[in-house]
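Scroll down for the structure; my scribbles are underneath it.
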Amino acid sequence: MKSAVRDAGLSALVALGLFAPLIGLVTENGDHGLELRGRPLAAAAVVVLVFLGRLLMLTRAAHIAPPVVSGPSPAMVRAGRALAPALLVFALVLPFGGSRYYVDLATLVLTYIMLGWGLNVVVGLAGLLDLGYVAFYAVGAYSYALLAVNFGLGFWSCLPLAGILAAFWGVLLGFPVLRLRGDYLAIVTLAFGEIIRIVLNNWVSLTNGPNGITGIPRPTLFGLRFSMDGGEGTFAGFFNMEPETIQRVIFLYYVILGLALLTNWFTLRLRRTPLGRAWEALREDETACRSLGINVTNTKLTAFAIGAMFGGFAGAFFATRQAFISPESFTFIESATVLAIVVLGGLGSQLGVALAAIVMVGGLELLRAFLSFLADQMGSPIFAGIANELPLYRMLIFGLALVVVMVLRPRGMVSTRTPTVLLVARGQG
Amino acid sequence: MLSVTGLTMRFGGLKAVDDLSFEARAGEITAVIGPNGAGKTTVFNCITGFYRPSEGGIVLTDAEGARFALDRMPGHRIASRAKVARTFQNIRLFAGMTVLENLLVAQHNVLIRASGFTLLAVLGVGRYRAAEAHGLEKARHWLDRIGLIDRADDPAGALPYGAQRRLEIARAMCIDPVLLCLDEPAAGLNPRETDALNALLLAIRADGCTLLLIEHDMGVVMRISDHIVVLDHGKKIADGTPAEVRADPAVIAAYLGEGDEDEEAA
Ligand SMILES: Nc1ncnc2c1ncn2[C@@H]1O[C@H](COP(=O)(O)OP(=O)(O)OP(=O)(O)O)[C@@H](O)[C@H]1O
Ligand SMILES: [Mg+2]
């Protein structure tokens with residue numbers, strides 16, 4: 001008991017060191033510029049929480065069995081099987097129920113789901129740690145933006161081009177670096193992500209540098225534009241409706257939903273082909289693959305290229321949705337976020353990645369909205385304060401979630417692997 | 001079938017294999033034996049393209065008379081073109097994948113060609129279906145032979161040790177090799193499993209596949225091999241039939257004397 005108290009005190013001390021400046025001090029716009037204000041109570045509350053939490057953990061630790069890594073219970077399997085269709089139906093009907101806010105949020109979540117699924121091919125299936133995935137996202141976005149702005153090409157004709165260009169860069173990068181293993185590959189891909197961003201920043205004559213590209217055209221629905229004039233050749237004009245922004249927002253939502261589902265379908269099919277199996281075999285044991293006559297470099301390259309292609313699609317969508325892109329949108333943090341989503345969800349698990357993206361991107365935003373809603377209702381400054389600052393702690397919460405999941409479920413939230421082929425099922429079908 | 005001439009492999013100052021020459025004749029089981037660290041695995045790694053020999057040549061001549069210079073081919077080609085398969089001293093299965101999937105991955109090159117480089121397979125079009133069914137049939141055949149048909153859909157890593165050894169051999173056989181190189185297949189097996197292994201290897205030989213075998217278990221070596229090559233410190237010290245090798249004084253001095261200790265330690 002005494003040692004537990006000492007240990008908890010030590011933890012509290014560390015927390016004090018961390019949170020005294022982080023939470024205890026805030027800057028505010030005062031009369032004479034920025035002013036520093038103290039928040040001793042908030043910091044003290046957190047430190048006390050850490051102390052009590054640690055104490056509880058230590059005294060209860062003896063009673064808590066370590067997490068058993070076992071197969072999921074039948075009930076969980078059934079719930080899991082129902083979850084994917086339920087999510088799909090929810091995604092399909094969401095725009096009809098929600099306000100613009102929710103549709104926008106869902107679009108953002110779906111963008112991350114698509115990126116996660118794309119990266120899942122590289123990291124989850126082929127087992128290649130790619131820390132520069134954002135590079136392909138950027139290539140896709142800039143491909144579309146430049147083609148559209150300079151040559152007046154439309155979204156749908158540029159979409160495949162953006163994917164192909166991203167895949168091309170994937171191969172170009174992959175060729176020299178895929179002989180590297182593990183950590184080395186991670187570092188080189190990290191560097192590649194930075195190089196692409198820096199080139200975009202500095203090649204002003206092509207990319208307009210840090211000012212970015214504006215006026216990127218929106219996608220059309222079979223040639224119908226979503227513009228506010230409501231005249232000939234617009235969506236509203238064709239269907240005799242009042243032109244409203246929400247129509248375009250919903251359309252964009254369905255575009256990304258379609259793209260994400262395409263990614264999912266393609267990946268699930270790929271897993272069942274010889275190529276997909278070779279990827280997974282590569283992840284398990286590269287040496288054995290070589291001894292079976294598998295061309296390891298080519299197989300890795302295809303994984304890289306296909307992952308990059310999906311990143312490129314997502315990038316093109318991002319460009320058309322924002323109508324404006326600049327290198328600022330393609331920082332390392334994006335790569336890290338997508339990678340965290342893949343690792344959290346469970347390497348190789350499509351459902352896990354979707355869940356992780358929903359929780360990490362959507363969940364946090366919803367929590368913020370809920371807190372500010374509570375604050376409005378109750379007039380409580382505490383909730384308002386937390387709601388306002390929640391986005392600042394996004395990365396902290398992300399990191400915490402990663403640590404917790406990795407401790408409790410080292411293989412991610414959804415860690416079961418479905419075999420790509422069954423001998424028994426063949427007898428039935 | 002396989003002829004190794006003047007093979008030398010240096011690691012820095014260490015000569016792991018020193019001017020080694022031997023032949024493995026078609027349709028025979030050739031055993032490579034020698035004390036720990038004699039350089040046996042290194043020879044295998046040279047034959048299967050994992051190491052590039054410092055000197056010497058390795059030539060494989062198949063039944064049709066085609067010649068492959070294995071010392072100059074990239075590793076994956078040695079398996080896919082020259083049809084040399086191998087297993088590893090420490091088992092290398094795809095542990096997270098099922099037993100059946102392990103056998104399908106081994107047929108990768110055949111299947112991927114049939115899949116029209118994946119496009120046909122993604123769309124699920126005709127020709128690939130037939131190829132996959134054929135691949136499954138072959139996998140089923142090998143599962144029957146190694147007695148693992150009931151465990152086909154379990155992860156390979158969940159199998160008992162002896163079964164994993166057999167599966168690794170079956171996986172190697174799925175590339176339709178002309179030469180199968182086995183690195184200590186009997187290590188860690190109990191007597192019953194060892195007998196089953198002997199039967200399996202003899203059956204593989206009867207099917208016309210040539211075998212190259214590294215083994216410490218003298219029981220296995222003496223019973224099934226047609227021809228034995230003995231290494232010590234990277235040099236060949238004897239080469240002949242089991243009876244000849246057993247009677248060779250150099251072998252008794254260098255190997256069998258300490259070999260007994262090795263076996264007890266292992
Ligand atoms: N990659 C390598 N780098 C440096 N030295 C190596 C390498 N591989 C093998 N050696 C050395 O070469 C020698 C022969 O090793 P090898 O693994 O071929 O022996 P072995 O006959 O297979 O022994 P065992 O019966 O223990 O498997 C050993 O001294 C070993 O340390
Ligand atoms: Mg060895």
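Each reported figure results from applying straightforward, stated rules to the coordinates on display, with no laboratory input. A quick note: this is a predicted structure, and the numbers were derived from the prediction, not measured. In this analysis, Cβ positions are derived from the backbone assuming ideal geometry, glycine residues included, and neighbour counts consider all displayed protein chains.
Each label point was placed 7 Å from the Cα along the Cα-to-Cβ direction; for residue A:395 and residue A:60 their separation is 3.1 nm. Take the Cβ atoms of residue A:78 and residue B:129, set R0 to 30 Å, and the FRET efficiency comes out at 0.45. Across chain A, the mean sequence separation of Cα contacts (distance under 8 Å, 6 or more residues apart), normalised by length, yields a relative contact order of 23 percent.
Quick one: work out the % antiparallel among DSSP beta bridges in the protein assembly as shown, nearest 5.
On the way: 29 of 46 bridges.
If I count the DSSP bridges inside the protein assembly as shown, around 65 percent turn out antiparallel.
For segment A:2-62, the convex hull spanned by the alpha carbon atoms encloses 62 Å³ per residue.
From the Kirkwood radius over Cα pairs of chain A, Stokes-Einstein at 37 °C and 0.692 mPa s returns a whole-number translational diffusion coefficient of 135 µm²/s. With R₀ set to 41 Å, the beta-carbon distance separating residue A:183 from residue A:372 gives a calculated FRET efficiency near 0.45.
With Rh defined as the Kirkwood radius, the inverse of the mean 1/r over Cα pairs, the Rg/Rh of chain B is 0.99. Within 10 Å of the Cβ of each residue in B:85-98, the mean number of Cβ atoms contributed by other protein chains is 4. Normalised by the residues of segment A:317-394, what does the relative contact order come to in percent, with Cα pairs under 8 Å and at least six apart? With pairs under 8 Å counted, the relative contact order is 16 percent. Only helical runs count toward this figure. For chain A, summing -39,500 (n - 2.57) over DSSP H runs of n ≥ 4 and dividing by all residues gives -22500 deg cm²/dmol at 222 nm.
Within straight-line reach of residue B:138, meaning a Cα separation under 20 Å, sit the following aspartates and glutamates at least 8 residues removed in sequence or on another chain: B:101, B:150, B:153, B:154, B:168, B:176, B:207.
The chymotrypsin sites (Phe, Trp or Tyr not before Pro) of segment A:277-336 that meet both conditions, a loop assignment by DSSP and at most 16 other Cβ atoms within 10 Å of the site Cβ, are A:324.
Is the shape of segment B:1-42 best called rounded, prolate or oblate, per the rule: a/c under 1.5 gives rounded, else a/b larger than b/c gives prolate, else oblate, with a ≥ b ≥ c the square roots of the Cα gyration tensor eigenvalues? Taking the square roots of the gyration eigenvalues as a ≥ b ≥ c, segment B:1-42 is oblate. Ordering A:388, B:16, A:344 by the projection of their Cα atoms onto the charge dipole of the protein assembly as shown, which places +1 on the Cβ of Lys and Arg and -1 on the Cβ of Asp and Glu, puts A:388 at the extreme positive end. In this structure, residue A:10 and residue B:23 have a Cβ-Cβ separation that, at R0 = 60 Å, corresponds to a calculated FRET efficiency of about 0.30. Taking each residue as 0.36 nm, the span from residue A:35 to residue A:161 lengthens on full extension beyond its C-alpha to C-alpha distance by 40.3 nm.
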